[in-house]
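Here's the structure we're looking at; comments come further down.
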Amino acid sequence: MNAYFGPTRTRLALAAALALAGSGAMAGTVGGSVAPINTLVENDTTGITIVGATGQTDTTIVTGTIDNNSESGWKLTVTSANTGKLVRTSGSGGPGAGREILYTNVKFVKTGGTLGAGLTDPNGSSKNIVTGTLGGGVAGTTIFNTGSAVGTPGTATTATVGYAYALKISWSADTSLLSGTYSDSLTLTLADDS
């Protein structure tokens, strides 16, 4: 005896078989990593006009940009080879009265861009590079950072992007300066503030 199921039963059996075969759920993880960004652009100023009889205030010595995506924020270390002095590089003699300009403090000024949310802006900070006071305590070095104090990292919720800055110095009038070229060699180092 042959059994006949008819077209309706055949379609139901086929639909049930397809449903069982296609019901397997698949799960997987997708994603990727964001690479660390810690980029410093530095443009040094070499054509400063110095007039011995006139002191100068907020003279720009460096401009640039900072990009950083560390959760702890960033710190910019500024090191002066002459411990906060523009020293006469032409003629005889070395540093000393009439042959050097003491600028003592370095001022950090924001000129554009975006500081990461949650960070402390160093804009307007003026720190003593001669002694290192308020900037790490090392003579000839100062630190500008995005934490609440040097040695205290920040807590960023977004990255710092295209943050434009200027470093400025000031000095008193000194009519005893000899003619010639005066300079200092600065080293800027950008690092995560950890």
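Considering only residues that are of a type in the set (A, V, I, L, M) and either crowded, with 20+ Cβ neighbours inside 10 Å or at pLDDT 95 or above (or both), which ones fall in segment 88-129?
Taking segment 88-129 and keeping what is of a type in the set (A, V, I, L, M), we get 97, 101-102, 106, 109, 115, 117, 119, 129.
The answer is 101, 106, 109, 115, 117, 119, 129.
Being surrounded by fewer than 17 Cβ atoms within 10 Å (Cβ to Cβ), polar (S, T, N, Q), in a strand (DSSP E or B) and touching a residue at least 40 places away in the same chain (Cβ under 8 Å) is the requirement here; does residue 158 meet it? Reasoning before the result, please.
Details: surrounded by fewer than 17 Cβ atoms within 10 Å (Cβ to Cβ): yes; polar (S, T, N, Q): yes; in a strand (DSSP E or B): no; touching a residue at least 40 places away in the same chain (Cβ under 8 Å): yes.
No.
Identify, by number, the condition in (1) hydrophobic (A, V, I, L, M, F, W, C); (2) on the phi > 0 side of the Ramachandran plot; (3) in contact with an Asp or Glu (Cβ under 9 Å, 6 or more places away or on another chain) that residue 115 doesn't meet.
(2)
Give me a count of the residues in segment 110-134 that are more than 15 Å from the chain's Cα centre (by Cα), in a strand (DSSP E or B) and touching a residue at least 24 places away in the same chain (Cβ under 8 Å).
Adding up the residues that qualify gives 1.
Give the residue, chosen from 170, 148, that is among the polar types (S, T, N, Q), touching a Ser or Thr at 6+ places or on another chain (Cβ under 6 Å) and more than 22 Å from residue 59 (Cα to Cα). Reasoning before the result, please.
Working: 170 fails: more than 22 Å from residue 59 (Cα to Cα).
Step by step, each of 170, 148 is checked, and only 148 is among the polar types (S, T, N, Q), touching a Ser or Thr at 6+ places or on another chain (Cβ under 6 Å) and more than 22 Å from residue 59 (Cα to Cα).
Among the residues of segment 131-148, are any touching a Pro at 6+ places or on another chain (Cβ under 7 Å) and among the polar types (S, T, N, Q)? Before you say what the answer is, go through the steps one by one.
Just the residues of segment 131-148 that are touching a Pro at 6+ places or on another chain (Cβ under 7 Å), to begin with: 144-147.
From the residues that got through so far, the ones that are among the polar types (S, T, N, Q) too are 145-146.
Scanning segment 131-148, I find at least one residue that is touching a Pro at 6+ places or on another chain (Cβ under 7 Å) and among the polar types (S, T, N, Q), so the answer is yes.
Just the residues that are closer than 30 Å to residue 185 by Cβ and among the β-branched types (Val, Ile, Thr), please, taken from segment 29-44. Steps first, please.
The initial filter retains those residues of segment 29-44 that are closer than 30 Å to residue 185 by Cβ, namely 36-44.
Of everything in segment 29-44, those that are closer than 30 Å to residue 185 by Cβ and among the β-branched types (Val, Ile, Thr) turn out to be 37, 39, 41.
The values are calculated or read from the model by the stated rules, or taken from the named source; none is laboratory data. None of the values given here were measured: they were computed from a predicted structure. Methodologically, a virtual Cβ is constructed for each residue, glycine included, from the backbone with ideal geometry; neighbour enumeration extends over all protein chains shown.
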